[in-house]
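Every read-out reported here was derived from the displayed coordinates using simple, explicitly stated rules and does not represent laboratory data. None of the values given here were measured: they were computed from a predicted structure. Here the Cβ positions follow ideal geometry from the backbone for every residue, glycine too, while neighbour counts run over all protein chains shown.
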Amino acid sequence: MNPGLEVSTKLSAASVGDRDSLVSELESLHAIEDGMEFLHELVDFTVNQTGARSGFVHGIDESGRLAAMVMVNRAGHEPGPETLSQVDGVAARALETKQNQKLTLRSQDQRQAALAVPIFSGEGNGLVMLLLLGPERAPFLDPAFSLLQFSAAQYLQHAKLQELARVRRGFLRATLLVDLLTHVEDASDSKEALSLVANELRELLGCERVAIARGSERRLQLETVSGSTRLERRSQGNWSLLSFLRESAANRVPMAWPRSELRSTELLPASEQRDLMERFAIDQAVAFPLKRSDDVVVGAWAALWKSESPLTEERLQMMEAVTPHLSSMTLLIRDALPTGVRGHLRRFFRRASRAKRIFAVGVPLVILGLLLVPVPHRVGATARLTAMDARQVAAPFPGRLEEVFVKPGDTVEAGDVLAKLDGREIGWRLAEAVAKQESALKRRDQARAAKDVAETQMAEYEQEALRLEVELLRYRRDHLEIRSPRPGLILSGDLERSRGVPVDTGQKLFEIAPLESLKLEMAVPDEEVHFVEPGMPVELRLESRPGDSLASEVEEVYPVAEVQGGENVYVSLATFDNESGTLRPGMRGRVKIESGRKPLGWVLFHKPWNYLRIRWF
């Protein structure tokens, strides 16, 4: 037996009533919209009118098997398994032959008449309506068979009426959709279009107000309220209305306040909306969620009613018919009539003259074309000139500065005297060392004469040490002048105020660098270093000579970054000839490094785009 089988056991058989009661009962049957409920009631009606023991409706179930869909039994006449099996056979035979069946069934020494009528409505696999009558109803088999055929005809009539009702509802919805689209096709933006839709729905439903909101279940925004020239979203009344719409969207079901007697199981009661009732002076509010075909909420709409024009079943059906089309329409309006920039552009192209349209289209195309033109991409960087091969000049031995002959910025040649050390202390120490050496020689000679070997050796060692000291002091005396080891420019060594100041061995006194060529250190920004490679042309403009442009090329890019001025940079090197001698180490400026050709748009906007990608993405 089918799990969805509807079984009803009657306590007593109903007698045949008069004609008026039969007509009334048939009218009530045809008022039932649900197909299965109608079948059950129709079989119950047939069993009562014929006095049959049982009534059945057989059909093809989901597994493709013939099974009983409806079974109605009179009290005390429930068929057994054997009888049910025979009934299934009769139904199968009627469906297979497509002919009425009138058979006698035997089970447990009982005889019952089986009457079967196949029903084919042009859709599906067909149904079989069947009655079981006991021996006591044998004289009435022909009237019962006629009534069974009449019931089958009633089923076909009900199916046609329901199909006609569906067609009428579909036609009504289609007509309504076309009518609404006709009214909004001339709107300039989505807000105006939704306002037209709300006003049209208000006239169609005969309600006080219609409100439409768009958004998701969590973020819903009130778009329009019929009868309002300007929507004040911050007004208390509109806040209450939006709260009501959000409740319906969040619950994804139609809601009403106060509780409606119409379809109380479908229209759920909303939370208390007394403030909404008072603000708009209404007596009833009904809201429906707007959903896409995939059941995603895209908004909600509500109709507000007064007692003078209350909510009726017909108006509620109209709201149900409008809701799916209104959902589609809000999406179409959003895409076809956008707000913001898209809305302004759409209005402009609808109202502007042909010349303005051509100009509005042509200018962006020209700009786009210009942005695609390849142009040289130049990497900018700060730069500083430094010496190529600077040499340090240090004090050769301890002493005091007696005189300084040069200052930073002077040009010198190889061998030029830079400074001179004071030689008086060296002369004194030299005279003292010579006297001690002669004294040591005399002691050595006396020890030899006295054949004192130990004393002789000690005197020789002392004399040798003094000899070396004398040679060192004579060398220092002869090299008191500090000379330039190479030609170049004095970069540092301002010792004019240091005369008479003692210096130590190796103390830096001067820095000299050649002027024939200079090294340029370029601080390439971190975000641009991957565009710089050795061999790329370099154009230099110095702060001291902004009118002159110097050219060279990149020779080396340091692989490790360093911090300069609070920024991460990569130092790149280039060389500049300075045969004229006009360039000086320490000069600063800016360089442009040619790194190939790129589209103009990329050159202009790649830096802000990369910044946004790093900061936001």
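Arg252 versus Lys98, label points 7 Å from Cα toward the beta carbon: distance in nm? Distance between label points: 4.4 nm. Going from the residue with the fewest nearby Cβ atoms within 10 Å to the one with the most, Leu26, Leu326 rank Leu26, Leu326. Out of all DSSP beta bridges with both ends in the chain, state the antiparallel percent to the nearest 5. Of those bridges, close to 95 percent are antiparallel.
Computed over neighbours whose Cβ is under 13 Å from that of Glu555, the net charge equals -3, Lys and Arg +1, Asp and Glu -1.
By DSSP, what percent of the beta bridges with both residues in segment 6-164 are antiparallel, rounded to the nearest 5? Walk me through the numbers on the way to the answer.
On the way: 26 of 31 bridges.
Looking only at bridges with both residues in segment 6-164, the antiparallel portion is about 85 percent.
Neighbour counting of Cβ atoms within 10 Å sorts the residues Phe140, Phe510, fewest neighbours leading, into Phe140, Phe510. Here's how it looks for Arg483: its modeled amide H is under 5 Å from those of Leu418, which are all 5 or more places away or on a different chain.
Which FRET efficiency value, to the nearest 0.05, do you get for Leu345 and Arg588 by plugging their Cβ-Cβ distance into 1/(1 + (r/R0)^6) with R0 = 56 Å?
0.70
The dipole here belongs to segment 514-616: it is taken about the Cα centre, uses +1 on the Cβ of Lys and Arg and -1 on the Cβ of Asp and Glu, and is about 580 debye.
Projecting label points 7 angstrom from Cα along Cα→Cβ for His77 and His606 puts them 9.3 nm apart.
Summing +1 for each Lys or Arg and -1 for each Asp or Glu, what net charge is found among the other residues whose Cβ lies under 12 Å from the Cβ of Arg429? Walk me through the numbers on the way to the answer.
Details: positive: Arg424, Lys436, Arg474, Arg476, Arg477; negative: Glu425, Glu432, Glu469.
Net charge around Arg429: +2.
Estimated from helical segments only, the mean residue ellipticity of the chain at 222 nm is -14000 deg cm²/dmol, where each DSSP H run of four or more residues counts as -39500 (n - 2.57). Sorting Arg477, Arg444 from the fewest to the most surrounding beta carbons within 10 angstrom yields Arg477, Arg444. Computed from the C-beta positions of Arg613 and Glu266, the FRET efficiency with R₀ = 51 Å rounds to 0.50. Look at (i) 13, 19, 18, 14, 12, 10, 8, 4, 1, 0; (ii) 20, 44, 27, 9, 0; (iii) 18, 48, 27, 7, 0: the one that is P(r) over Cα pairs in 20 Å bins from 0, in percent derived from this structure is (i). Rounded if a/c is under 1.5, else prolate if a/b beats b/c, else oblate: with a ≥ b ≥ c from the C-alpha gyration tensor eigenvalues square-rooted, which is segment 514-616? Taking the square roots of the gyration eigenvalues as a ≥ b ≥ c, segment 514-616 is prolate. Remark: the Cα gyration tensor places segment 6-164 in the oblate category, a/c being 1.5 or greater and a/b not exceeding b/c. Extension gain for the segment Asp452 to Ala165, taken as residue separation times 0.36 nm less the Cα-Cα distance, is 88.3 nm to one decimal.
In debye, nearest 20, what is the charge dipole magnitude of the chain about its Cα centre with +1 on Lys and Arg Cβ and -1 on Asp and Glu Cβ, if you could check?
Details: 79 positive and 87 negative charges, 264 e Å.
Approximately 1260 debye in magnitude.
Legend: calculated FRET efficiency, Asp577 to Val501, from the Cβ-Cβ distance at R0 = 60 Å, rounded to 0.05, equals 0.95. A simple spin-label model places pseudo-atoms 7 Å from Cα toward Cβ; at Thr229 and Leu332 they are separated by 3.0 nm.
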